[in-house]
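Notes follow once the structure below has been shown.
The values are calculated or read from the model by the stated rules, or taken from the named source; none is laboratory data. Just so you know, these numbers come straight off a predicted model, no measurement behind them. We place every Cβ from the backbone using ideal geometry, glycine too, and count neighbours over all the protein chains shown.
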């Protein structure tokens with residue numbers, strides 16, 4: 001069970017991030033979570049939005065390079081050690097984490113972690129085996 | 001016979017020179033036609049008979065040879081002698097995937113060394129000098145030639161090695177270099193670095209710059225000579241074959257003397273290929289006269305030149321050319337190395353395992369750094385949501401291009417919509 005993330009390539013250039021945010025706002029797209037991985041020259045913006053297909057289309061139409069990536073959205077207890085438990089599981093299974101980011105769930109006391117595992121399938125298996133709740137695209141969009 | 005020819009050749013009576021050139025030309029044409037299938041076929045396609053060249057002017061009946069022809073016959077296709085007669089094999093960056101490979105007989109090497117020796121000794125190089133050679137790997141052939149020539153003159157040579165600007169500067173100061181052989185671009189950077197670090201030019205032993213690879217503009221010459229208190233000498237050569245000193249400045253510093261005892265030079269209209277009126281600018285086209293292993297017939301250099309018809313006060317009868325900035329083919333000069341768009345693309349495609357659709361290039365000539373900058377547009381094929389993969393691509397492309405072109409290359413990822421006009425792949429030089 002996977003969630004959908006869209007990734008956008010951005011040059012490190014004044015105003016590019018704002019331009020992208022404006023395009024999404026104009027299309028009434030809500031950003032649920034995001035992370036920006038950056039270097040001195042460019043950045044990769046990863047987004048969880050309420051309507052990934054529409055977001056992808058409007059950004060593409062405006063000349064951005066956009067990719068959809070499947071990620072795992074894991075709901076965790078919002079308490080000390082919540083993340084560590086997942087990391088330990090992955091470590092034991094020999095699964096690498098390419099990247100991850102987090103946000104607090106509007107549902108009380110929960111947090112959502114977005115993971116990209118390497119290999120992805122194995123990471124998902126570990127999560128499922130441990131009985132941790134995985135959120136689907138629709139869950140994320142509905143919040 | 002040839003060594004003395006080189007020494008006396010520069011003062012040969014003009015009428016005698018023309019006669020000698022014709023004899024050598026006819027021999028070269030016959031040999032190329034008889035031993036190199038490329039020339040035989042090219043002549044045949046153009047219905048050109050070797051015997052039709054009865055005078056120097058009638059060389060126009062023969063077809064041109066282009067830079068791309070050199071790489072298309074990789075590796076040994078243009079050799080005019082059997083491999084057992086070859087004593088050295090040179091590799092220079094080509095315009096496509098393949099480099100240009102040229103071969104030399106023992107006699108060829110003697111001639112080339114003599115040509116370089118003549119050019120260096122005209123610039124005053126002698127036994128008491130310390131020569132530092134500082135050229136990019138893409139010009140390594142010239143580095144070897146200068147080394148051989150300077151050693152023949154008894155100078156102490158610090159041969160070509162790939163060193164940082166800082167190390168070159170250290171050697172220049174500490175080893176008491178008196179003559180530096182490099183490109184105008186590098187010389188300017190070195191000067192800026194030296195002056196920025198507070199070096200007083202009078203404390204340096206440096207008194208001579210031998211500058212090859214790029215035309216030396218009057219402004220650059222003045223800046224270097226006044227900034228470093230020395231004399232600059234411009235040399236011209238082809239990077240595909242050894243041959244710095246194919247044309248060289250004399251003590252008059254007014255134009256470069258063509259080594260007409262070894263080459264036949266034509267200045268042609270780049271569009272029509274017909275000779276331009278004497279004294280007007282056009283493309284330098286060269287035919288080798290004494291080369292055994294790797295003859296070139298009407299080779300289009302892409303270099304902008306103007307013949308100076310007046311005899312030189314120095315007494316040399318080798319005619320002079322003025323070497324003008326800018327190129328007449330679709331290559332771009334990066335630190336003296338000719339770079340072609342197709343060549344960059346083919347190496348990028350190989351490294352990325354895809355044919356990039358969005359790319360731009362620009363020469364960078366900064367105060368202290370220079371080279372080629374490549375912009376790679378990030379479309380769906382190039383994109384990854386993992387930064388390490390994107391950075392890996394940047395690394396791989398810049399490493400491969402630096403290696404293949406022999407000049408520093410930096411690669412930048414760009415949004416495809418932020419790259420400027422699609423039809424302008426080469427962007428203006430960045431300062």
Next item on the list: Could you please let me know if residue B:323 is touching a residue at least 12 places away in the same chain (Cβ under 8 Å), in the same structural domain as residue B:185 (by TED's automatic domain parsing) and within 27 Å of residue B:185 (Cα to Cα)?
Entry: yes
Next item on the list: Answer with yes or no whether residue A:63 is in contact with a helix residue (DSSP H, G or I) (Cβ under 7 Å, 6 or more places away or on another chain), without any contact (Cβ under 8 Å) to a residue 12 or more places away in the chain and surrounded by fewer than 19 Cβ atoms within 10 Å (Cβ to Cβ).
Entry: yes
Item checked: Any chance residue A:14 is away from every other protein chain (no Cβ under 14 Å), without any contact (Cβ under 8 Å) to a residue 60 or more places away in the chain and farther than 30 Å from residue A:132 by Cβ -> no
Note to self: Condition (residue is surrounded by fewer than 16 Cβ atoms within 10 Å (Cβ to Cβ), modelled with pLDDT of 95 or more and out of contact with any helix residue (DSSP H, G or I) (no Cβ under 6 Å at 6 or more places or on another chain)) applied to the stretch B:150-168: is it met by at least one residue?
What the structure shows: yes
Next item on the list: Would you please list the contacts, defined by Cβ atoms under 9 Å and residues six or more apart or on different chains, that run from a residue in the stretch A:102-124 that is surrounded by 21 or more Cβ atoms within 10 Å (Cβ to Cβ) to a residue that is in a loop (DSSP other than H, G, I, E, B) and at pLDDT 90 or above?
Entry: A:116/B:385; A:116/B:386; A:117/A:95; A:123/A:95
Checklist line | Subset of the stretch A:50-81 [within 14 Å of another protein chain (Cβ to nearest Cβ) and assigned to a loop (DSSP other than H, G, I, E, B)] | finding: A:62, A:63, A:64, A:65
Margin query: Filter the stretch A:99-128 down to the residues that are more than 12 Å from the chain's Cα centre (by Cα), within 17 Å of residue A:33 (Cα to Cα) and in a strand (DSSP E or B) and list them by number.
Written below: A:104, A:110, A:111
Notebook entry, point to check: Quick one: which of A:89, A:84 is more than 14 Å from every other protein chain (Cβ to nearest Cβ), surrounded by fewer than 16 Cβ atoms within 10 Å (Cβ to Cβ) and not in a strand (DSSP E or B)?
Noted result: A:84
Margin query: From the list B:227, B:245, B:198, exactly one residue is under 23 Å from residue B:125 (Cα atoms) and in a loop (DSSP other than H, G, I, E, B). Which is it?
Written below: B:245
Check: So how many residues does the stretch B:205-224 have that are in a loop (DSSP other than H, G, I, E, B), touching a helix residue (DSSP H, G or I) at 6+ places or on another chain (Cβ under 6 Å) and surrounded by fewer than 24 Cβ atoms within 10 Å (Cβ to Cβ)?
Finding: 1
Notebook entry, point to check: What is the number of the single condition among (1) crowded, with 19+ Cβ neighbours inside 10 Å; (2) closer than 30 Å to residue A:114 by Cα; (3) touching a helix residue (DSSP H, G or I) at 6+ places or on another chain (Cβ under 8 Å) that residue B:412 does not meet?
Noted result: (1)
Next item on the list: Give the number of residues within the stretch B:174-195 that are assigned to a helix (DSSP H, G or I) and surrounded by fewer than 16 Cβ atoms within 10 Å (Cβ to Cβ).
Entry: 2
